[in-house]
Structures are given as structure tokens and as C-alpha cells.
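Undergrad: First, the structure itself, so that you have it in front of you.
The values are calculated or read from the model by the stated rules, or taken from the named source; none is laboratory data. Computed from a prediction, not measured in an experiment: that's the story for all the values here. FYI the Cβ positions are ideal-geometry reconstructions off the backbone, even for glycines, and counts take in every protein chain you see. The area values use the complete protein model at the heavy-atom level, side chains included, leaving out ligands, DNA and RNA. Shrake-Rupley method; radii C 1.70, N 1.55, O 1.52, S 1.80 Å.
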Amino acid sequence: MTVQVATCSAAQLFSGHLLGDQVTGDARILSSDGTAIVGELTIPEYQRPYCWQDTQLSALLQDITAHSRHRPALSYYLGSLILHQAHGQLNIIDGQQRITTLALMGCLLQPHSEIQASLLQGLEYEHPISQQQIKHNLKWLKENFSSQPEYWQGLVDFNKLQFTLVVTQSEDDAYRFFETQNTGGVRLGGPDIIKAHHLRAVDKLHQKPFAKQWESLGKLDDTVSALLKGRYWQRISMRELPSHQQKKQLRDCIVSEFAQLTGKGEDIAFGRTYRYTGLSGDVSHHQAQQGYDVRQPLNAGVNTIRYLSYFQGLYNDYWEKPDLPHLPGYHSLIVWLKGMEGCGYLEGLYKACLLLYISQFGENQLELAAKKLFLVVYSRRVSNQKAVREKSIYAFTREYPVLDWIGLSYTPEQCFAYLDSFVLMVEGSNLDKNSVKKRFMDKVCEFFVLELKPGQYKESFAQAITLKVAGDPL
């Protein structure tokens, strides 16, 4: 691994000091090994849009102000910039948000300097989100600088704003730094990091359309969370997920599963195929699955992008924004479930189960499957004495591998046999008062039309809902 490390000011960075044919002698930015760092700063197509907002701008100005007040003789440290050097360019792998924000400040505070001229020649922003945010941030900064322009010109001194440059010759090395060191004002989540990993694996000729496809997906967090459960919680290689509060560890799991562990190869979708053999020996094949398999191996680039795109589509169509007039019973169940209180962790497992089922069997008996999955997954709401804890969901899947019941089934009927083998138990405490558990059971009785009174919940609820779910669809 060849890595160059150097320290420089924002003034050096923005004044053409990286352009080797224009700078000589002491003006050059030298790395720790004495070699000059040379290249034009550029933003690769696959980078996320510029998205710093008022909160980040305000925090940066407050930090610079406080630093100037308490340590006026020292430079203000803006962190590291991770750059990939290739073909005369220094591609910004990590640092775009800070660089762009400083560029906007430079345009306003030093409008006739060589810094401003250099900025206008350098960075380009084609993404509509970047363009809109730049316009907004320019307006915000201009309004904040307008009352005291001379004060801010003196305070935001580009000669006293300092970066560490980390420059690699290999794009892979640059992203290893990026994936382990992400330290911007808006900390990247796992989906943001895996985006960069896969777009750089796409041939440069096709990067732009795939970058647009990725941006059109919107927020992937919920879909990725469901897929992660589907891939982690399988009995053959059971893996525990960090708590949602352990953001760094959870992000590391996402990056590992959907970036670092992906292979090299073509866009392959694994799935079930039925082969029918007639009496005369003639053979016909029928594809049961139309898309990708939740648990399939993934390849970097197009394969993983399309895999995530496929499941984001399923998530939107069957959970987030269901518009299914041909499945009225399923639609009403999902709308009802999304209004349940105290069931957030159960909902996470339920969504993972739904994606797994729909990816394998499509809409085949989907309403009945959704009801049976509800009975199993949401059983923790009535079998627990008190609240449903996050860790209890993992323990539940170890005892009742509901995701495996779906994933290992060849037909919906086989899956239903596994689900129907589950025996619902009701823990009878806290049913004589207005507890979350009792309110949950009240709502279940109302939705499934169970003619039970609260005094009957302990003895009769489990049997009544089990019979209802095992019967005809709503």
C-alpha cells in the first residue's frame, strides 16, 4: 500500500498549490516522504451529493469562532481529506462536504482573490441535490456574513484552516481508509458507504446512470436493516446484530456484509426454478422467483446495486407505500400493523420476513402468509411479561427460526406448515389494567373480529387468534 500524508492549509489547497506544472519550490505541498502531491481536485460521479445544511454550517462557524477566541495563534484543524491520485487528478473520496462548504465561504469572503478564481475553475456539481443545496447554503452564508463582513473575513482565514491529506495511488486503498475512518460533519451511514464501494466497481462508462439509479432509491436504511436480519439470522450461521444504539458497530456490519464481503463477477440473481417432467419424459422449466434471493452471495458493482434496488422496490410496494387494490385484505393488515404501539422491534423482524417471503413466492397467498407471520412474530407482545426488548428478538429467532422457515421452504404450503406448528402462549400478567399488552390484544380482537372480553384474554386469546389465522382469509 502506497500512501502519502501531508499537512496543508485551505489557502494552499484552493490556490493551485496542487498543480505541479504551475507551482515550484516552497509553494509545493510535500508529503512526509518529501515528494510533491500533485493533481487537480475533482469529485467522482459516484460520490453522494453535497448535503450539508444550516446545522452543519452553523456548527462549523461556531467552532472556528470559539477556536479563534481561545487559541488565536494556532490553526483550526478540519480533519483529513482522503484522495485518490490518478491521471493527473486527485479524486475526493472523503471530504467533499467540508471542501465544498469552504469553497462557498471563499466565494463570499474573498471574491477577487486567487482562491476564488481557483475554485471557479475546479469543482463541478452536476447532481440536482448538490446544486439546490449550494444555492441554499450560499444564501444562508451571505445572510450570516452580511452584518459583519470584515469580521468574518478576518476570522475565516484560509491560511489558518488546516487539513491532513491522505493520498493513495490505489482506489481500493483510498476506500479502505474511507470505510474505517469516516469523520465528517454529517457522519455517513452504512448505505452511503456501500454506495461508493459499488459505484466505483462499475465501469466508468456506466457509472453515471447507475449513480442516478442509486439516488432514485431514496433512503435505504429500513430495507438494508431488513436484509441484514434476513442474512444474519439463519440457524446454519447465526450472527447477532449490534443494538440500534451502537451506530458504529451496526454501520460496520452493513459495510462488511454489503461491501467488503462481496465478490467479483457478473450480475447474478439466484432463485428457485421448478422442473416439470411429463409422462413421455418431456421437461419444462418454470421460474418461481422473478428477482434476487435475500441470502444469495453478492458481487461488487452492478449486482449489489440491482439487488438493493429490487428489495427497495419490494419494500416500498408492500410496506412503505402499498397501493394494492387487488389485495385489499393484505393492504388493510399492513396499514393496521404500522399503527401498533410498542412493537418497533417486532416490526423490524416482520419486515424482514415479508421481504423474504415475497422475494420467494411473490403474491402467492400473500394475505394468508402475512397473517400467519403476524401470529408468530408479534407473539412476543403477549408472551412477554412486560416490554419487548431489542435483544429478545434475536433470542426469539434462535428458538423459533422463522426466517429459516420461509427461506428453506419450496412452496407457500410448506412454509405455512412450519408457521402453523408454532404454539402461541399468553403470559397472563398486566391484563387487568390499561397496559400496552392489553391495548395490543384489544386491537387484535377488533381487527380480527375475535368476540372476546378482556377477562377471557388469558385463557382464550391464543386459541381464538390461532383459529382465525388458520381459517379463511379476511
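Undergrad: Counting helices only, and only those DSSP H runs with n ≥ 4, report the 222 nm mean residue ellipticity of the chain as the sum of -39,500 (n - 2.57) divided by its residues, in deg cm²/dmol to the nearest 500. Please report the intermediate quantities before stating the final value.
TA: On the way: 21 runs with 232 residues, N = 474.
Here the helix-only value at 222 nm equals -15000 deg cm²/dmol.
Undergrad: Rounded to the nearest 10 degrees, what's the angle between the helix 207-216 long axis and the longest principal axis of the chain, both from Cα atoms, 0 to 90?
TA: Tilt of helix 207-216: around 50 degrees.
Undergrad: Explain nothing, just the number: relative contact order of the stretch 26-114, from Cα pairs under 8 Å at least 6 residues apart, as a whole percent. Write out the running numbers ahead of the final one.
TA: Values: 64 pairs, mean separation 29.8, N = 89.
Contact order relative to length: 33 percent.
Undergrad: Shifting gears a bit: Mind checking the full-extension length gain between GLU446 and SER58? Use 0.36 nm per residue of separation minus the Cα-Cα distance, one decimal, nm. Mind dumping the intermediate values first?
TA: On the way: separation 388, 0.36 × 388 = 139.68 nm, distance 4.99 nm.
Result for the pair: 134.7 nm of gain on full extension.
Undergrad: Along the positive direction of the dipole of the stretch 253-387 (beta-carbon charges: Lys, Arg +1; Asp, Glu -1; about the Cα centre), which of VAL302, ILE254, ALA387 reaches farthest?
TA: About the Cα centre, the residue reaching furthest to the positive side is ALA387.
Undergrad: Between GLU143 and GLN287, how many nm apart are label points set 7 Å from Cα along the C-beta direction?
TA: Those two pseudo-labels are separated by 5.2 nm.
Undergrad: Shifting gears a bit: Taking the Cα centre of the chain as origin, work out the dipole magnitude from +1 charges on Lys and Arg Cβ and -1 charges on Asp and Glu Cβ, in debye rounded to 20.
TA: Working: 48 positive and 49 negative charges, 277 e Å.
For the chain, the charge dipole is close to 1340 debye.
Undergrad: Taking the Cβ-Cβ separation of GLU363 and SER75 as r and a Förster radius of 56 Å, what is the calculated FRET efficiency to the nearest 0.05? Working shown, then result.
TA: Details: r = 61 Å, r/R0 = 1.09.
So the FRET efficiency works out to roughly 0.35.
Undergrad: If I model a spin label at ASN434 and SER280 as a point 7 Å from the Cα along the Cα→Cβ vector, what separation in nanometres do I get?
TA: Between ASN434 and SER280, the label points sit 7.3 nm apart.
Undergrad: Any idea how far the Cα center of the stretch 321-394 sits from the one of the stretch 433-460, in Å?
TA: Comparing the Cα centres of the stretch 321-394 and the stretch 433-460, I get a distance of 18 Å.
Undergrad: Suppose R0 equals 35 Å; then what is the FRET efficiency for ASP323 and ALA269 from their Cβ-Cβ distance, rounded to the nearest 0.05?
TA: E(calc), rounded to 0.05, equals 0.90.
Undergrad: Turning to a different aspect of this structure: Using a basic spin-label model with each label point 7 Å from the Cα along Cα→Cβ, how many nm lie between GLN213 and LYS338?
TA: Reported label-point gap for GLN213 and LYS338 is 2.7 nm.
Undergrad: In degrees between 0 and 90, to the nearest 10, how far off the longest principal axis of the chain does helix 436-448 point, with axes built from Cα atoms?
TA: On a 0 to 90 degree scale, this one is about 60.
Undergrad: Heads up, I need the accessible area for VAL38: 1.4 angstrom probe, whole protein in place, Å², nearest 10.
TA: Counting only protein heavy atoms, VAL38 exposes about 60 Å² to solvent.
Undergrad: Please identify the GluC sites (Glu not before Pro) of the stretch 371-474 that satisfy two criteria: DSSP loop assignment and at most 10 other Cβ atoms within 10 Å. Which are they?
TA: Numbers: sites: GLU390, GLU399, GLU413, GLU427, GLU446, GLU451, GLU459; in loops: GLU427, GLU451.
The qualifying sites are GLU451.
Undergrad: Just to make sure I understand: if all protein chains stay in place, what is the order of LYS371, LYS264, LYS391 by accessible area at 1.4 Å, largest first?
TA: On the way: LYS371 0, LYS264 200, LYS391 150 Å².
Order by accessible area, largest first: LYS264, LYS391, LYS371.
Undergrad: Ok, one more. What percent does the relative contact order of the chain come to when contacts are Cα pairs within less than 8 Å and at least six residues apart? All intermediate terms of the calculation are to be shown ahead of the outcome.
TA: Working: 606 pairs, mean separation 62.7, N = 474.
About 13 percent, as a whole number.
Undergrad: In terms of Cα to Cα distance under 23 Å, which lysines are near enough to LYS458, apart from those fewer than 8 places away along the same chain?
TA: Within the straight-line limit of under 23 Å, LYS458 reaches these lysines: LYS371, LYS372, LYS386, LYS433, LYS437, LYS438, LYS443, LYS468.
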